[in-house]
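Remarks on the structure that follows.
The values are calculated or read from the model by the stated rules, or taken from the named source; none is laboratory data. Just so it is clear, the structure is predicted and the values come from calculations on it, not from any experiment. Here the Cβ is made from the backbone with ideal geometry for all residues, glycine too, and neighbour counts use every protein chain on show. Note: accessible area is taken over every heavy atom of the protein model, side chains too, but ligands, DNA and RNA are not part of it. Shrake-Rupley method; radii C 1.70, N 1.55, O 1.52, S 1.80 Å.
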Amino acid sequence: MSEQQISVLVVDDDAIVRDWVRQALNETEFRIAGEAGTSAEALELLRRRRADVLLTDHWLPDDQLGTELVRAFRREGVKLPVVLMT
């Protein structure tokens, strides 16, 4: 495993999906920086923790799309790369 890991913020309303992502990234160059189930949780988490990549579901339960979450991050000056999954 690489000494320098890439931190990933995982946003998905389904805990099973978040668990699957966590297991898939286990023992790779990626590490989970945090997990959120809603866009509001993701924004709060990103204010407290640093992440290198955002991995987000497209459909979020608080009536936001993943693309809207990305726009909210950009408005706050966060320019991390994004992987949008659906």
Query raised in the report: Of all residues in the stretch 62-86, which are part of a loop (DSSP other than H, G, I, E, B) and under 18 Å from Trp20 (Cβ atoms)?
Result: Thr86
Report task. Take Leu9 and decide whether it is among the aliphatic types (A, V, I, L, M) and modelled with pLDDT of 90 or more. Result -> yes
**Report entry** First in the stretch 60-86 and open to solvent by less than 40 Å² (accessible area, probe 1.4 Å), second anywhere and hydrophobic (A, V, I, L, M, F, W, C) and assigned to a loop (DSSP other than H, G, I, E, B), Cβ under 8 Å, 6 or more apart
**Finding:** Phe73/Leu80; Leu80/Ala51
Report task. Select from the stretch 5-42 the residues that are in a helix (DSSP H, G or I) and not hydrophobic (A, V, I, L, M, F, W, C) and write down the one among them that is farthest from the chain's Cα centre (by Cα). Result -> Gln23
**Report entry** Matching residues, the stretch 1-27, being within 21 Å of Gln64 (Cα to Cα), among the hydrophobic types (A, V, I, L, M, F, W, C) and open to solvent by 40 Å² or more (accessible area, probe 1.4 Å)
**Finding:** Ala15, Ile16, Val17
Report task. Can you work out which of the residues in the stretch 28-50 that are closer than 17 Å to Asp14 by Cα, touching a helix residue (DSSP H, G or I) at 6+ places or on another chain (Cβ under 8 Å) and among the aliphatic types (A, V, I, L, M) is most open to solvent (accessible area, probe 1.4 Å)? Result -> Ile32
